[in-house]
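Data first, discussion second: the structure below is written as structure tokens.
Values quoted throughout were computed directly from the atomic coordinates according to the rules given, and no laboratory measurement underlies them. Source: prediction; values computed, not measured. Cβ placement follows ideal geometry from the backbone for every residue including glycine, while neighbour counts extend to all protein chains displayed.
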Amino acid sequence: MRGSALTLGLMASGVLVSAPVLGQGAKAGATPQPAASDVATRVQKLYVDGAFWADKGQYEKARALFEEAFKLDARPQIAANLGNAELEVGKPREAAEHFDYFFREDKTATPAERAAIEDLQKKALAKIGTLRVTVDVPGAEVFVDGRSVGKAPLASPIYVDPGNYTIEAKAPGHVPASRLTAVAAGAQLPIDFKLAAAGETGGPGPIGPPIVPPPTEQGWRKPLMYTSIGLGVLGLGVGIGFTVAAEGKNQEVDDEVLYWQVRTSTANPICPLGVENDPRCVKLNKLIDERDSLMRFGIVGYALAGVGAAGAIAIALTTPKSLKADENKAPTVMVVPTLSGLVAFGSF
């Protein structure tokens, strides 16, 4: 990111030196400042020092200096450098707001400088959400989670961090309207309010349909799913392990039987029923018992694998109530532009 900081730093020092005397020609939205030379000198020093630290990669120091300079003189060039520093220190929302201010107020930047800042603005917008709110009543006040963000028509989009927000529009003589909105990183959501005149509706203010993705699954589902899968894998491993061991033990049984077969006449059976003390049967019976025990453990392992697999399948096929679609609900589709293209979502 050092290249963009260096470009803005050079732009910063160059534009400021060639600009008119500070305090003159203040742009719309700038806080009026006295034209005293001490204020101009202070802004000049803060600005140049900020560009110096940005070139050194010390963006937090640069941000603090640009921010103080912007409070004294809200020039677009200072806003652009402040936005660059904010982007570098992990404040993309604030950066987007200052880049937006630059594009609204700047009248002197070169095409190359504007292109560089447009690239930075794209990086900031990819990390936050953009709300483009319109209200059909001029002068209606717009709120985000109860905080006023301006009156319609809004001069610029509303930039927010990813998350859930309640957007409201209120105007005297009209019924308030609100909408719950889930905002993802990089999303650009259009929100249009049409306020009904007071008296036209008998109930409370309308609440617009929420622009939200499908509800996420309950927190217990994934842990239980993983537990079931783990139990299935463990059971399968146990079953296979004991089955292999039982096969090995069965081979020992066959070898022991063969050993006695070649040493016993056909008229004299090996280990006949009721002959418990026959010396030929001691080792053979022990091997048979060990083989059977291993086989039983293997069967238990396979049973555990079956239980785990059945549980995992049941969880996967069971849809939580909060995720079940309303069969009578009419399909709705919304197409939203983002930096990477168009995104369509809704219920189908």
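Quick notes on this structure:
- Estimated at 0.36 nm per residue, the fully extended path between Lys56 and Thr318 surpasses their Cα-Cα distance by 88.7 nm.
- Residue exposure proxy: Asp136, Asp100, ordered by other Cβ atoms within 10 angstrom of their Cβ from fewest to most, comes out as Asp136, Asp100.
- Whole-Å semi-axes of the range 129-193's equivalent ellipsoid (Cα gyration tensor): 20, 12, 9
- Antiparallel beta bridges, as assigned by DSSP with both residues in the range 129-193, represent about 75 percent of the total such bridges.
- Pairs exceeding 21 Å between alpha-carbon atoms, taken from Lys45/Lys107; Lys249/Lys286; Lys122/Lys151; Lys107/Lys127: Lys45/Lys107; Lys122/Lys151; Lys107/Lys127.
- Likely footprinting exposure, His98, His174, fewest C-beta neighbours within 10 Å first: His174, His98
- Within the range 90-135, the trypsin sites (Lys or Arg not before Pro) that combine a DSSP coil assignment with at most 16 other C-beta atoms in a 10 angstrom radius are Lys107.
- Kirkwood Rh, Cα atoms: Rg over Rh of the range 63-144: 1.02
- For the range 43-93 and the range 124-174, distance of Cα centres in Å: 27 Å
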